[in-house]
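Student: Sending over a structure as structure tokens; questions will come in a sec.
What follows draws every value from the coordinates through simple rules; no lab data is involved. As the structure is a prediction and not an experimental result, all values here were calculated from the model. Backbone-built Cβ (ideal geometry, glycine too); neighbour counts: all protein chains shown.
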Amino acid sequence: MKSTIEELGPTRVRMAIEVPWGDLDHAFGEVYKELGKQVRVPGFRPGKVPNRVLDQRIGRPVVLEQVVQHAIPEVYSEVVRENSVHVLGQPDIEVTRLDDNDTLAFTAEVDVAPKLELPPLDELAVTVDDVEVTDEEIDQQVSVMRERFSMLTGVERPAQDGDFVSLDLEARVDDEVLEDGTTSGMSYEVGSGSLMEGLDDAVRGLSADGTATFDTELQQGPHAGRTAQVTVTVRSVKAKELPELDDEFASTASEFDTLAELRDDVRTRLQRVKTMQQGTQARDKLVEHLLGAVEVPIPDGLVDREIEWRNRAMESELQQAGMDWDAFVQMSGVESREAYEAEQRTQIEEAIRTQFVLDAIADAREITVDNDDLSAQIMAQASRSRMSPEQYAQQLQQGGNIAEFVADVRRTKALAQLLEQTTITDASGNVVDLDALRPQTVPAPAADAGTEDAETDDVTDEITGTDADDAPDAEVQTAVAVEATEGATEDSGDVAKG
């Protein structure tokens with residue numbers, strides 16, 4: 001077999017491949033075997049029809065066509081493998097020569113990953129924000145905890161913002177009652193704006209058993225985009241009473257005896273969150289520096305194909321939700337579908353460039369992925385997905401995503417190595433030690449520390465890709481880098497995969 005590879009541009013090649021007839025024996029054998037099962041010839045048992053009889057019965061051109069269809073994928077894959085070509089997507093195949101009992105020749109044009117010229121990576125440095133916790137931030141977190149211990153008490157007065165009301169709702173379109181727009185006994189916080197436009201204005205000022213009617217535009221369901229007439233009836237009004245902010249509240253809401261101790265604990269937790277955010281910021285700035293320092297061409301059509309794939313997926317989701325693009329655009333707050341796609345294009349292009357750069361760095365440093373790397377990442381991802389590692393691994397295998405997963409782990413290791421070697425300082429010039437971000441060093445949260453705990457744990461998940469309590473014993477640099485490579489994969493659907 002002969003093959004030549006011609007570069008058509010920085011991201012596309014043409015392979016010209018010639019296959020001697022003798023190399024097609026396997027393809028002929030498979031084709032004749034399948035045809036022998038399908039074709040019935042008098043005097044011969046199924047599967048025992050001689051090849052020459054099959055040629056006569058079916059026609060030699062038909063046999064050759066099937067041999068070509070069978071052989072080309074195998075030959076193409078062999079050429080790609082032997083020449084270590086990082087192909088992207090499916091090739092455009094053209095048979096240029098088919099001489100019976102002589103030669104099969106074809107060309108394959110395909111997008112490939114660009115060859116990048118990397119800058120020096122030995123003295124990287126980034127600056128992140130200082131860690132500063134203000135009294136206002138502590139007050140906000142304590143207020144959130146205070147809200148959790150509030151009590152609702154029935155009141156004999158009109159509803160006002162902050163009250164909780166029990167509502168009956170009935171929506172009509174053209175005097176037809178909507179089944180999915182009717183409910184009773186629903187609890188709603190006045191002024192939250194969380195249900196439908198116009199509801200707060202209608203409810204505000206109503207006492208128990210008061211009724212009002214208002215118009216609103218439906219956002220979901222089969223009548224999305226239509227104007228509905230909604231009748232709301234208030235069944236009860238309850239005011240929210242907050243506990244006194246004192247030592248008794250502190251002992252009730254936490255493990256601490258005094259309010260001062262509780263505030264000190266909140267300060268410590270907020271400081272830990274912001275320290276973790278420094279790691280995230282360092283990662284983002286490092287990626288931003290790499291993208292600015294390396295010219296990364298993107299294959300023609302790669303972004304378009306990804307946008308097309310996303311649009312099809314979005315249209316399917318919208319259809320299931322009973323919505324269309326116009327309703328989605330209005331609900332999401334973007335100016336238009338064009339603006340939405342423009343934003344998507346920008347995100348996808350950045351994700352592709354990030355993948356290419358990290359792949360190039362991994363290649364240059366000959367980074368490999370071993371079983372420990374895969375196990376740690378599977379544990380992390382399984383924890384974030386709220387499933388067992390076995391279930392997550394099975395999901396990867398069933399979805400045919402193992403190769404993409406390995407590529408992502410390799411990118412994570414490449415970024416982790418760079419982050420470990422990068423000098424990170426805060427705005428005041430202090431060196432930031434990423435070892436402080438190790439999940440294992442985080443103290444266990446208080447049993448009833450409340451919303452602030454949840455926020456802290458969520459930030460831990462974002463940084464490490466794991467729950468703080470279940471974090472694998474891995475290098476902290478790898479943990480911090482996980483989210484960057486995950487973000488590229490999630491944004492692009494691994495559009496740069498081979």
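Student: Given 311, 291, 254, which one lies farthest toward the positive end of the charge dipole of the range 245-311, if we put +1 on the Cβ of every Lys and Arg and -1 on the Cβ of every Asp and Glu?
Tutor: Highest projection toward the positive end goes to 291.
Student: Give the order of 223, 86 when sorted by the count of other beta carbons within 10 angstrom, beginning with the fewest. Don't skip to the end; give the middle numbers.
Tutor: Details: 223 19, 86 16.
By the 10 Å Cβ count, ascending: 86, 223.
Student: Here is a follow-up. Under a plain spin-label model, where a point goes 7 Å from the Cα along Cα-to-Cβ, how far apart in nm are residue 44 and residue 69?
Tutor: Between residue 44 and residue 69, the label points sit 2.0 nm apart.
Student: Do me a favour and compute the ellipsoid semi-axes for the range 2-112 from its Cα gyration tensor, root of five times each eigenvalue, largest one first, whole Å.
Tutor: They are 33, 13, 11 Å, listed from largest to smallest.
Student: Can you sort 106, 44, 214 by how many other beta carbons sit within 10 Å, fewest first? Walk me through the intermediate numbers first.
Tutor: Numbers: 106 21, 44 14, 214 17.
So the ranking, lowest neighbour count to highest, is 44, 214, 106.
Student: Positive end of the charge dipole of the chain (Lys, Arg +1 and Asp, Glu -1 on Cβ, about the Cα centre): tell me which of 368, 357, 77 has its Cα farthest that way.
Tutor: The residue sitting farthest along the positive end of the dipole is 77.
Student: For helix 451-464, what angle does its Cα long axis make with the longest principal axis of the chain, in degrees from 0 to 90 and rounded to 10?
Tutor: Its long axis makes an angle of about 20 degrees.
Student: Let me ask something else. Each residue of the range 162-168 in order: what ³J(HN,Hα) in whole Hz does its phi give by Karplus 6.51 cos²θ - 1.76 cosθ + 1.60, θ = phi - 60°, with x for Gly and Pro?
Tutor: Along the range 162-168, the couplings run x, 6, 10, 10, 9, 10, 10 Hz.
Student: For the residue pair residue 153 and residue 366, what label-to-label distance in nm results when each label sits 7 Å from Cα along the Cα-to-beta-carbon direction?
Tutor: The two pseudo-label positions are separated by 7.5 nm.
Student: Once both axes come from the Cα atoms, what is the angle between helix 135-148 and the longest principal axis of the chain, in degrees from 0 to 90, rounded to 10?
Tutor: The helix 135-148 is inclined about 90 degrees to the chain.
Student: So, one more: Under 20 Å Cα-Cα from residue 285, which lysines qualify once same-chain neighbours fewer than 8 residues away are excluded?
Tutor: Straight-distance partners of residue 285: 274, 413.
Student: Also, I was wondering about something else. Using only Cα atoms, tell me the angle between helix 302-320 and the longest principal axis of the chain; keep it within 0 to 90° and round to the nearest 10.
Tutor: 50 degrees
Student: Let me ask you something else. Placing unit charges on C-beta atoms (Lys and Arg positive, Asp and Glu negative, everything else neutral), compute the dipole magnitude of the chain about its Cα centre in debye, rounded to 20. List each step's numbers first, then the result.
Tutor: Working: 44 positive and 105 negative charges, 607 e Å.
Dipole magnitude for the chain comes out near 2920 debye.
Student: Roughly what would the spin-label model give for residue 77 and residue 173, points 7 Å off Cα along C-beta, in nm?
Tutor: Label-label distance for residue 77 and residue 173, simple model: 5.0 nm.
Student: Per the Debye formula with a single identical scatterer at each Cα and no solvent contribution, what log10 I(q)/I(0) holds for the range 151-241 at q = 0.10, 0.14 Å⁻¹?
Tutor: Each listed q corresponds, in turn, to -0.24, -0.46.
Student: For the range 102-143, list residues with backbone N below 17 Å from a point placed 7 Å from the Cα of residue 2 toward its Cβ?
Tutor: What the label zone holds, given the 17 Å backbone N cut-off, is 102-108.
Student: Which of 175, 300 has the fewest other C-beta atoms within 10 Å, and how do the rest follow up to the most?
Tutor: Numbers: 175 6, 300 11.
Fewest-to-most Cβ neighbours within 10 Å comes out as 175, 300.
Student: So what's the back-of-envelope 222 nm ellipticity for the chain, counting only DSSP H runs of four-plus at -39500 (n - 2.57) apiece and dividing by all residues, rounded to 500? Intermediate results must be reported in sequence, preceding the final value.
Tutor: Details: 15 runs with 236 residues, N = 498.
Computed mean residue ellipticity for the chain: -15500 deg cm²/dmol.
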